[in-house]
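Colleague: Could you have a look at this structure, given as structure tokens, before my questions?
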Amino acid sequence: MFGQRRVDPSPGTHYRSERVSAVNGQYFFSTREGSLEGPYFTRVDAEREIAFYIRRMIQAKEIIESRSF
């Protein structure tokens, strides 16, 4: 997939991959920022936390933008 997010310095190719992975029976998800979040007990828990993570990132961005002068 070719595209550019607003925070990216230039366009690039981004490959879609599975964000949830299992290691020793525990589930983790990876972020665009390169972090690995978890562990979670089930895949469903990890997928739910992805949605929460995205909401937190959006809220943080909105707070930062609202405080910029």
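Colleague: Identify all residues within region 43-69 that are touching a strand residue (DSSP E or B) at 6+ places or on another chain (Cβ under 9 Å), of a type in the set (D, E, K, R) and more than 11 Å from PHE28 (Cα to Cα); write none if there are none.
Modeller: Hit for region 43-69 is ARG48, nothing else.
Colleague: Another question, if that's okay. Within region 31-57, which residues are modelled with pLDDT of 95 or more and polar (S, T, N, Q)?
Modeller: Within region 31-57, just THR42 meets the criteria.
The values are calculated or read from the model by the stated rules, or taken from the named source; none is laboratory data. On a predicted model such as this, the values are computed, not experimentally measured, just so you know. Using ideal geometry, Cβ is built from the backbone for each residue, glycine included, and neighbour counts are taken over all protein chains shown.
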